[in-house]
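What follows is one structure encoded as structure tokens, with my remarks underneath.
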Amino acid sequence: MKNIIAIISTVLLFTQISYSQKTIKLGGTIGMTSITSLVEINSNFNTKTSESGFLGVYSEFQLSDNIDLLIEANYLTKAEIITVPILAEINLVSGLNVLFGTQFNIETHESGDDFSAITFFASGGVSYEIDENFKILTTYSHQLKNSYTGEFDLEIKFNIISFGLIFNMFD
């Protein structure tokens, strides 16, 4: 619960710092995530895929006429993870945008001494603005560093595909 409060506070802090920007939007997110884990033990690979719904908050800052900064904080209900994507959103044509940036995930449950509680990802995707209050988006995130920090020859990484709806609550 402390992590959730910290993430929401961070999003609100970014909102306060960036208040002088052209346009700021605040709202909620809802969607589904597919998480694929890749485990390598002594050059043997094993993969597992699981799905989770998510709920969250977002803020969007207009940086220029065609570029926005999108920051989300989502709680994955089944996986018990908070994801925080920080993405540049570049408008290609009316309503269609390309996304790229980073994401970090925070484990909300005890993950053990040999595992990272915070993991970093490279992210990309697309979004489409249905109207000024709704946007659909899909992103792919690839983990950059091994989650396992112990002594064994073990590598654990995650790939995440998310499909979501963003709804604007405040302009």
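The values are calculated or read from the model by the stated rules, or taken from the named source; none is laboratory data. Computed from a prediction, not measured in an experiment: that's the story for all the values here. Here the Cβ is made from the backbone with ideal geometry for all residues, glycine too, and neighbour counts use every protein chain on show. Just the protein is used for accessible areas: all its heavy atoms, side chains included, with ligands, DNA and RNA removed. Shrake-Rupley method; radii C 1.70, N 1.55, O 1.52, S 1.80 Å.
Here the Gaussian network model covers the chain, with springs between Cα atoms less than 10 Å apart; of G95, G28, G56, G95 fluctuates the most.
Restricting the GluC sites (Glu not before Pro) of segment 39-108 to loop positions (DSSP other than H, G, I, E, B) with no more than 14 neighbouring Cβ atoms within 10 Å leaves E80.
For segment 64-171, applying the loop criterion from DSSP together with a ceiling of 14 other beta carbons within 10 Å to the chymotrypsin sites (Phe, Trp or Tyr not before Pro) yields F152.
Just the number, please: Stokes-Einstein D of the chain in µm²/s, Kirkwood Rh from C-alpha pairs, 25 °C, 0.890 mPa s. If you can, show how the numbers build up before the last one.
Working: Rh = 16.7 Å.
The Stokes-Einstein estimate is 147 µm²/s.
Evaluate Rg over Rh across segment 90-171, taking Cα atoms for both radii and Kirkwood's formula for Rh.
On the way: Rg = 16.6 Å, Rh = 14.8 Å.
Taking Rh as the inverse mean 1/r over Cα pairs, Rg/Rh reads 1.12.
Annotated for the chain: lysine pairs at least 8 residues apart or interchain, Cα distance under 15 Å, count 4.
Using a Gaussian network model of the chain with C-alpha springs under 10 Å, which one of Q103, Q62, Q143 is most mobile by mean-square fluctuation? Result for the chain, Cα springs under 10 Å: Q62 fluctuates most.
Could you tell me what percent of the accessible area of the chain is made up of carbon and sulfur, with a 1.4 Å probe and every protein chain present?
62
Remark: the chain carries 57 Å² of accessible area per residue (probe radius 1.4 Å; ligands, DNA and RNA excluded).
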